[in-house]
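Beneath this line is the structure, given in structure tokens, with notes to follow.
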Amino acid sequence: MTTTKSPDPVGSPADASAGESLYQAHKKIHPKSVTGTFATWRWALVWFTQILFYGLPWISWSGRQSVLFDLVQRKFYMFGLVFWPQDVFYLAVLLIISAYALFLFTAVAGRLWCGYACPQTVYTEIFLWIEEKIEGDRNARVRLDNAPMDANKLTKRGLKHLVWILLSLWTGFTLVGYFTPIKELAGEALTLSFGPWEWTWIVLYSAMTYGFAGHLREQVCMYMCPYARFQGVMFDPDTLVITYDEERGEPRGPRKKGVDPKSAGLGQCIDCDLCVAVCPTGIDIRKGLQYECIGCAACIDVCDQVMDKMGYPRGLVRYSTENALAKHWSMKDILGHVVRPRILVYLAILGAITVAWIWGLATKPSLRVDIIRDRMTLAREVEGGVIENVFRLQVMNVSEDSQRYKVTVTGLDGIQLVGEPIIDLSAASNKNITYQVRASPESASPGSHPIYFDVKSLADDKVSVHEKATFLMP
């Protein structure tokens, strides 16, 4: 473990005589803003993800919220699809697809998710933008940190934290709006009449957004996120990662513009440290690939700008692979090694699961029936000497239209269904109906016998369920 000297070891487990701390002191990182190709992509993903997140709950679909996870009614709505508790299988498959997609992207090009679409990256980027607009650029923020508390510092810090808190509250409110209809939630917000669980999650998620994106920032990626620790097992020598071309850049050193590096005995790195200044985790990419690197490519953008000013070719810091650096491959050679056995395996598995998942959604039945026997009365003799079994049917209309169904039963001679055979169900609703099924003792020998319930739509014969049950004959 790295050790650092500490003038005051009080409060940390340290050797008092040596004055040496077991923990590295945290140094606040003020990343410098940067422009360029990858910064543009990063901000495009920020806009896309946040428009999606904040906008989806407000979109109406078939007279309801387009995306709503209604835990009270135990129904999940996603545009034209309605998922019930019995559909948890689809969620499990979706999680598997996401995991394999992450493996695939990581094996091909490293931590693309972390650098461009992870919520921690996205909200940190937004919070840093707010901080820069209120407190100034990197140098101004550092000076403000070191300045004594006065009216100017108090005003800027107070305004920054106020904006952060408001954005965090909006984020927490929006998240809860995916579980409680957001228009109802907005009405409750006007009078602050949220329910207990709504208060809990709005406050909790707002606090997490404020704390993670405003204060912890890179520490979440470095110490809390498990992905940073196991990403290495998904890399191989042909994985595209952000690299520093040491052969081209060393020995590094400052020089004036126009100086030929070879004549000065130098490489093309001018040791400006801008790659460190723009890094949101504060690492030096020139020391090689490190687990703290989130793959945001800010160092590539700023280094390319320095190379342009110095008149050197771009790409001193670039996306490349271990094999490409060692064997001096061109980009064509690098791309030629993207398709390799492990990538083909990932693609095949991901493709097969995705196709099966889409096919399952497309063919998902619009009618479901669950049959439960009344275990209090397995079988009984009723008037006329006939034998009666009692069943409870849970009929679910998972379509977006109202339906009328007819229930019939078969399987034994003279079997009868006692109860209303016609069931009316509104869109995306369910109903529990109890039926008595009767048969004469002569129709079957003592023991259990299979019978079948048929539930059919009166509007469409193709919508039907043929469900097996067991009739007990004493």
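Got a sec? Which of Glu400, Glu388, Glu383, Glu420 is of a type outside the set (S, T, N, Q) and free of Cβ contacts under 8 Å to residues at least 12 places away in the same chain? Steps first, answer last, please.
On the way: Glu400 fails: free of Cβ contacts under 8 Å to residues at least 12 places away in the same chain; Glu388 fails: free of Cβ contacts under 8 Å to residues at least 12 places away in the same chain; Glu420 fails: free of Cβ contacts under 8 Å to residues at least 12 places away in the same chain.
So the residue among Glu400, Glu388, Glu383, Glu420 that is of a type outside the set (S, T, N, Q) and free of Cβ contacts under 8 Å to residues at least 12 places away in the same chain is Glu383.
Of all residues in the stretch 225-254, count the ones that are in a loop (DSSP other than H, G, I, E, B) and either within 41 Å of the chain's Cα centre (by Cα) or surrounded by 15 or more Cβ atoms within 10 Å (Cβ to Cβ) (or both). Full working, then the answer.
Just the residues of the stretch 225-254 that are in a loop (DSSP other than H, G, I, E, B), to begin with: 225-226, 235-240, 245, 250-254.
Now restrict to residues that are either within 41 Å of the chain's Cα centre (by Cα) or surrounded by 15 or more Cβ atoms within 10 Å (Cβ to Cβ) (or both): 225-226, 235-240, 245, 250, 252.
Residues meeting the conditions: 11.
Mind checking whether some residue in the stretch 310-319 is under 18 Å from Glu246 (Cβ atoms) and of a type in the set (Ser, Thr, Tyr)?
yes
Six or more apart or on different chains, Cβ under 8 Å: which pairs go from a residue in the stretch 248-262 that's closer than 29 Å to Trp329 by Cβ to one that's outside any loop (DSSP other than H, G, I, E, B)? Could you list them?
Hits for this filter: Gly249/Arg286; Arg252/Arg286.
Would a scan of the stretch 335-342 turn up a residue that is under 26 Å from the mean Cα position of the chain (by Cα), surrounded by 12 or more Cβ atoms within 10 Å (Cβ to Cβ) and over 26 Å from Thr37 (Cβ atoms)?
Yes.
Scan the stretch 225-264 residue by residue and report those that are assigned by TED's automatic domain parsing to the domain that holds Glu135 and either within 26 Å of Tyr312 (Cα to Cα) or hydroxyl-bearing (Ser, Thr, Tyr) (or both).
Tyr227
Take Tyr346 and tell me if it is part of a helix (DSSP H, G or I), in contact (Cβ under 8 Å) with a residue 40 or more places away in the chain, touching a Leu at 6+ places or on another chain (Cβ under 7 Å) and surrounded by 13 or more Cβ atoms within 10 Å (Cβ to Cβ).
Yes, satisfied.
Check the stretch 205-224 and report whether any residue there is assigned to a loop (DSSP other than H, G, I, E, B) and assigned by TED's automatic domain parsing to the domain that holds Val176. Walk me through it before giving the result.
To start, the set of residues in the stretch 205-224 that are assigned to a loop (DSSP other than H, G, I, E, B) comprises 217.
Next, from what is left, pick out any that are assigned by TED's automatic domain parsing to the domain that holds Val176: 217.
Looking through the stretch 205-224, at least one residue is assigned to a loop (DSSP other than H, G, I, E, B) and assigned by TED's automatic domain parsing to the domain that holds Val176.
Under the condition of being among the basic types (Lys, Arg) and surrounded by 15 or more Cβ atoms within 10 Å (Cβ to Cβ), which residue from the stretch 417-465 is nearest to Glu383 (Cα to Cα)? Lay out the reasoning, then the answer.
Filtering the stretch 417-465 down to residues among the basic types (Lys, Arg) leaves 431, 438, 456, 462.
Those left that are additionally surrounded by 15 or more Cβ atoms within 10 Å (Cβ to Cβ): 438, 456.
Numbers: Arg438: 11, Lys456: 30 Å.
Going through the qualifying residues, I end up with Arg438.
Return yes when Ile134 is surrounded by 15 or more Cβ atoms within 10 Å (Cβ to Cβ) and either among the hydrophobic types (A, V, I, L, M, F, W, C) or farther than 29 Å from His215 by Cα (or both) and no when it is not.
yes
The values are calculated or read from the model by the stated rules, or taken from the named source; none is laboratory data. No experiment lies behind these values; they were computed from the predicted model shown. So basically every Cβ, Gly included, is an ideal-geometry build from the backbone, and we count neighbours across all protein chains shown.
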